[in-house]
1. Please order A:Ile206, B:Ile156, B:Ile165 by the number of other Cβ within 10 Å, starting at the fewest.
2. Over 23 Å between C-alpha atoms is what I'm after, so list which of A:Lys140/A:Lys222; A:Lys10/A:Lys140; A:Lys140/B:Lys18; A:Lys54/B:Lys80; A:Lys222/A:Lys278 land there.
3. Given a Förster radius of 51 Å and the C-beta distance between B:Val170 and A:Ala126 as r, what FRET efficiency does 1/(1 + (r/R0)^6) yield to the nearest 0.05?
4. What residues qualify as long-range amide H neighbours of A:Gly36, i.e. H under 5 Å apart, gap of 5 or more or another chain, H built at 1.01 Å from N?
5. Using Cα pairs closer than 8 Å and at least 6 residues apart in sequence, work out the relative contact order for segment A:3-216, in percent.
6. May I ask you to order A:231-238, A:91-98, A:130-137, A:209-216 by the average number of other C-beta atoms within 10 Å around their residues, highest value first?
7. Provide the per-residue ³J(HN,Hα) series for segment B:227-242, in order, calculated from phi with Karplus coefficients 6.51, -1.76, 1.60 and θ = phi - 60°, each as a whole number of Hz, with x at glycine and proline positions.
8. What list of ³J(HN,Hα) couplings, whole Hz, do you get for segment A:109-116 from phi and the Karplus terms 6.51, -1.76, 1.60, once you set θ to phi - 60° and write x for glycine and proline?
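What follows draws every value from the coordinates through simple rules; no lab data is involved. All values reported here derive from a predicted model rather than from experimental measurement. Virtual Cβ from ideal backbone geometry, glycine too; neighbours counted across all protein chains shown.
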Amino acid sequence: MLLQIEELTKVYRTGVRANDGISLAIGEGEVFGLLGHNGAGKTTLVNQVVGLLKPTSGSIRIDGRDMVADPGLARRLCSFQAQAQVPIDGLTPRQAIDLLGQLRGTARTEVERRRERLIDALDLGAWQDEDAARLSGGVKRLVAFAMAAVAPGRVVMLDEPTNDVDPVRRRLLWRQVRTLADHGAAVLLVTHNVIEAERSVDRLAILDEGRVIAEGTPAGLKGRLGAALRLELVLDPDASEIPASPFGLSAVPVGNRVMVGVPMDAAGQAVAWAESLKHAGSVEEFTLGPATLEDVYVALVGGAEARPAQVEEVFDATAA
Amino acid sequence: MQLLRSYRLLVTWQALRKKNYLPLMMAVQTLFSLGIVLGYPLLFPTLDRTSIYLIATGAPAISMVSVGLVALPQTIGEQKAEGSLAYMRSLPVPRLAYLVADLTVWMAIVIPGVVLGVLVGAWRFGLELQVSPLVVPAVLMVALTATCVGYAIASILPYMLTVVITQAIVVFVFMFSPLTFLPDKLPAWFEAIHSVLPIQAMGEVTRGTIAPNEFGLPLGAFLTLAVWCFLGFGVTYAAMSRRG
């Protein structure tokens with residue numbers, strides 16, 4: 001594996017344990033998603049890989065080389081799109097991308113060629129000579145992505161790359177993320193956008209309170225849920241209790257909704273059950289659809305009220 | 001080689017970032033100088049020759065100190081708070097190249113204010129200044145020390161504390177620092193404090209080279225500046241290289 005993280009722990013001086021024994025491995029050509037709530041420890045992890053933070057314990061290796069011992073090498077081997085906006089006010093996107101490419105050691109003419117291709121691919125041509133101070137947040141994030149992609153390192157880390165980006169350009173951006181991997185980079189993608197991650201990553205890990213609580217392919221994780229379908233119930237505001245699932249799988253509450261895992265062969269039974277709840281007045285409406293990664297995510301780290309007993313329940317049911 | 005290449009590219013980046021800021025900064029510094037050379041005679045209608053020269057040479061010194069010890073730390077503090085400094089630190093460039101490039105751009109912001117300050121003073125008081133050739137290294141030394149110390153303040157303190165400290169520095173520099181008056185006007189204990197701080201030395205070096213016929217050029221002041229410059233740079237470099 002190209003990027004190998006083992007038993008990584010980071011405890012801040014304030015005593016906060018932001019990463020707690022994280023182990024991950026990401027290969028060449030792989031897009032790996034790191035999912036989790038705000039404060040789950042995702043950015044702390046990325047900042048350690050790129051050498052901005054020093055781990056309390058554990059190791060980070062790229063191509064077998066120790067990144068904790070040599071943060072200068074880590075910065076050369078990783079390109080990075082930070083969660084914060086890039087400091088490019090006063091520069092045009094063209095200047096910003098060119099400067100970053102050259103700072104990463106690529107020759108100017110080659111950088112210019114790649115910049116033109118990226119600006120086309122992300123449909124940024126209309127803004128390429130505008131002062132970044134006048135650009136919208138979404139366009140600036142795309143420029144920040146292009147800065148990370150113009151001369152990519154062996155590992156490319158993208159921290160919430162699609163924030164504020166419009167839906168059309170998001171698709172363009174995901175295509176470029178895949179292109180980076182196709183050219184041999186290991187892409188570590190940090191996001192809390194589960195729906196996008198499901199479509200875009202090869203594998204993912206879900207982080208909660210500094211720990212990896214699940215890891216696998218999107219399909220594999222959905223399989224662990226034990227339900228091919230999800231029944232979403234919208235509760236009546238006056239309903240006093242959450243309906244108990246008749247399928248041996250838990251009902252996970254999220255706000256005024258309840259997600260119920262349903263085995264494929266119980267689809268008819270699920271609809272009948274939901275209809276009866278609707279007639280009884282405890283449910284306003286319901287939908288039945290294929291289970292998504294979001295269901296896994298919600299089951300694992302969903303509403304605070306769903307944890308931690310809920311997590312055990314879901315996976316106990318899966319194992320059963 | 002990589003150091004030089006990184007330095008050149010980073011100077012371009014930082015200069016472009018500040019290009020909208022430069023005219024504003026020059027306007028503020030000119031106003032500072034104008035305020036000092038026009039304001040002091042209003043407070044003290046009869047000024048002796050020494051006081052006139054002190055005010056005329058104090059204005060550019062105050063201008064350098066204000067940018068280096070006030071505007072710079074506030075800007076760097078903001079960059080720290082918003083995360084953009086961390087982004088710059090994540091770039092694959094030597095820390096030294098980044099720091100020297102940023103200091104170069106800050107110095108470029110400081111220097112025009114000095115020239116304007118001198119011109120405004122000479123114009124207001126009708127002075128014919130016999131500027132020493134040493135003025136170039138002297139002003140560079142003062143500007144570098146002010147920017148290094150300012151950078152160090154922002155590097156080691158949290159943003160809010162940086163804002164508070166720099167506000168206090170403004171009052172301290174304008175009212176209680178021997179830039180537009182001689183240190184012997186201060187109580188002995190305060191004079192002793194100023195003899196180790198860099199501000200008095202900045203004033204001495206500036207006036208000693210802008211008006212060498214009026215003021216001496218104490219070599220000790222250069223030494224004080226060198227020590228503070230080295231300290232400021234060292235602290236900043238250590239803070240930049242440190243992993244939290």
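1. Values: A:Ile206 24, B:Ile156 14, B:Ile165 18.
Ranked by crowding around the Cβ, least crowded first: B:Ile156, B:Ile165, A:Ile206.
2. Details: A:Lys140/A:Lys222 34 Å; A:Lys10/A:Lys140 31 Å; A:Lys140/B:Lys18 18 Å; A:Lys54/B:Lys80 18 Å; A:Lys222/A:Lys278 28 Å.
Flagged as over cut-off: A:Lys140/A:Lys222; A:Lys10/A:Lys140; A:Lys222/A:Lys278.
3. Efficiency, rounded to the nearest 0.05: 0.70.
4. The answer is A:Thr191, A:Leu207.
5. Details: 430 pairs, mean separation 67.9, N = 214.
32 percent.
6. Working: A:231-238: 16.6, A:91-98: 23.4, A:130-137: 14.6, A:209-216: 18.1.
Those peptides, ordered most packed to least, come out A:91-98, A:209-216, A:231-238, A:130-137.
7. Residue by residue, segment B:227-242 yields 4, 5, 4, 4, 4, x, 5, x, 4, 5, 4, 5, 5, 5, 7, 6 Hz.
8. 5, 5, 4, 4, 5, 5, 4, 4
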